Amino acid sequence: MAFTNSSSTLSNSSKPALSFWKIWNISFGFLGVQIGYSLQNANTSRILSAIGADPHHLSLFWLAAPLAGFFVQPIVGLSSDKTWTRIGRRIPFILGGSFVSAFAMFFMPNSEHFAQILPPLIFGATMLLLMDTSFNVTMQPFRALVSDMVPESQRNKGYAIQSFLINTGAVIGSILPFVLTWIGVANEPGPGQKVAPTVIWAFYFGGGALLLSVLWTSFRTKEYPPEEYAKYNNIDTEEKVKMSFWDLLKNIPSTMWQLSVTQFFSWFSLFLMWVYTTQGIAQNIWHTIDPKSKEFNEAGNWTGVIFAAYSVFAALYSLVLTPLADRFGRKNTYMISLVAGGLGLLSMMFITDKNLLFIPMIGVGIAWAAILALPYAILSSSLPARQTGVYMGIFNATITIPQIAAGLLGGVALRLLNDNAINVIALAGGSMILAGVFAKVVIKSKE
């Protein structure tokens, strides 16, 4: 529903400063979303390998996520910009996406039990696509919600808090199978089974946590009603602004184009890391490629542990990200953070002791915290208030396109790099360093 108001123009008024806990509540639901998303990142290759996927085809299955995001997020952004309900404009989409993604999480690790409906690999891929689509429906409005509710003077803090919650969720999601193994849940498939019980129960927990945390944000956050939102953003509510999607594309702010270069190389890197870390460390440290072996499942658990570690480092780094960006500038902080991540990934090819993998995760965590916060802080001030949601959705293409490219090229890269997945991780490191260079050279926005 379009904004309407009896007066033709409302005088501009600054958004009120928010308390820490109000900003916290706005993003708290992202905690649960990231628990689910991290479980997916750390265990999708493990699940798909167990139910029959060829390692050379793994990156193609992972295309579900970026393809879903490419189409879904702009649609959700445009829809939420034009929507107002009794519970808000962004929150209905956040709620709807969370329920569907939780449903998919409950079913994906049980794909082998639905063989009478579809072959396990096809069922698993379908649940992955459904999960990714609904994750994107949920994630996009969270980005726009911070921009809607938080004044410019608190924008660095708003996205830093969101980054902290995302990374805390990532720690929980990544380490769940390891913790379940530690308390006695079986980490190897039973007779006639394909997926380890630790993974299945971790997905149950993740789906439940997702629902509870999103409900918290939904009940604890009151979005500005149309008239108040218009006042804070100097919108003439009687002015009729009709822009086609193509008009929106033609008027994309230059800052978004500049950020897209850095986004391409950073997300190309992340996608390769998520897809090939389990295979890489299984080969390089456990010396196995058998997805049903005890060693491979240990490598899968350890992938979750080190992914949790980089999320811990990212959460800690997000606590100092605001003062660093305020003092040294967003672009400089962004550049240094990305280079640190690239060096960390490059170093993994030289590590043969699993415990030493925590060292490169420091750099990866620094990069991840910056990727989650700084592009949005840089971009948000250049977006028109009427189209914040749709432009945030369009910006998601700078995340999905590089992942699609990595998905299509990942198997090719694996073959060219002697079928050794750890070399693909090194390639990811080089891409992340390039991202850092472009963050400094290409982005021209004001600090």
Subtracting the Cα-Cα distance of Phe358 and His56 from 0.36 nm times their residue separation yields 106.0 nm
With +1 on the Cβ of every Lys and Arg and -1 on the Cβ of every Asp and Glu, the dipole magnitude of the chain about its Cα centre, in debye rounded to the nearest 20, is 840
Of 418-427, 81-90, ordering from highest average Cβ density within 10 Å down gives 418-427, 81-90
On the formula 1/(1 + (r/R0)^6), with r taken between the Cβ atoms of Ser254 and Leu319 and R0 of 22 Å, the FRET efficiency rounded to 0.05 is 0.10
Note, the range 154-168: 3J(HN,Hα) by Karplus (6.51, -1.76, 1.60, θ = phi - 60°), whole Hz, Gly/Pro = x, goes 10, 5, 4, 5, x, 6, 5, 5, 4, 4, 4, 5, 4, 6, 5
If each part is reduced to its alpha-carbon centroid, the range 100-147 and the range 258-317 end up apart, in Å, by 20
Quotient of Cα radius of gyration and Kirkwood radius for the range 304-447, i.e. Rg/Rh, equals 1.00
Full extension between Asp326 and Val442 adds, at 0.36 nm per residue less the Cα distance, a length in nm of 39.8 nm
Exposure proxy check on Lys15, Lys444, Lys292: fewest-to-most Cβ neighbours within 10 Å is Lys444, Lys292, Lys15
In order over the range 273-289: 3J(HN,Hα) from phi, Karplus 6.51/-1.76/1.60, θ = phi - 60°, whole Hz, x for each Gly or Pro, gives 4, 5, 6, 10, 5, 4, 5, x, 6, 4, 6, 6, 10, 8, 6, 9, 10
For the Arg86, Ser381 Cβ pair and Förster radius 41 Å, calculated FRET efficiency rounded to 0.05 is 0.85
Log10 I(q)/I(0) at q = 0.08, 0.14 Å⁻¹ for the range 16-174, from Debye over equal alpha-carbon scatterers, is -0.26, -0.74
Short to long, in 10 Å steps from zero, the percent of alpha-carbon pairs of the range 115-212 per bin is 12, 31, 31, 16, 7, 1
Dividing the mean separation of Cα pairs under 8 Å (6+ apart) by the residue count of the range 83-206 yields a relative contact order in percent of 27
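Averaging sequence separations of C-alpha pairs under 8 Å and six or more residues apart, then dividing by the length of the range 260-372, give the relative contact order as a whole percent.
30
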For 130-138, 204-212, ranked highest to lowest by mean beta-carbon neighbours within 10 Å, the order is 130-138, 204-212
Tilt, helix 64-81 to longest principal axis of the chain (alpha-carbon atoms), in degrees rounded to tens, equals 20
Helix 197-220: inclination vs the chain longest Cα principal axis, degrees, rounded to 10, gives 10
With Cα coordinates, the longest principal axis of the chain makes an angle with the long axis of helix 294-328, in degrees rounded to 10, of 30
For 42-50, 260-268, 93-101, ranked highest to lowest by mean beta-carbon neighbours within 10 Å, the order is 42-50, 260-268, 93-101
By Cβ neighbour count within 10 Å, fewest first, Trp257, Trp246, Trp62, Trp302 rank Trp246, Trp257, Trp302, Trp62
For the chain, averaging the sequence separation of alpha carbon pairs under 8 Å that lie six or more residues apart and dividing by its residue count, the contact order in percent is 29
Links exceeding 26 Å between C-alpha atoms in this model, out of Lys157/Lys250; Lys15/Lys440; Lys222/Lys331; Lys354/Lys440; Lys15/Lys157, come to Lys157/Lys250; Lys15/Lys440; Lys222/Lys331; Lys354/Lys440
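Every number here is computed from the coordinates shown, using simple stated rules; none is lab data. This one's a predicted model, so the numbers in the text were calculated from it and none came from an experiment. Ideal geometry is used to build each Cβ from the backbone, glycine not excepted, and the neighbour counts take in all protein chains shown.
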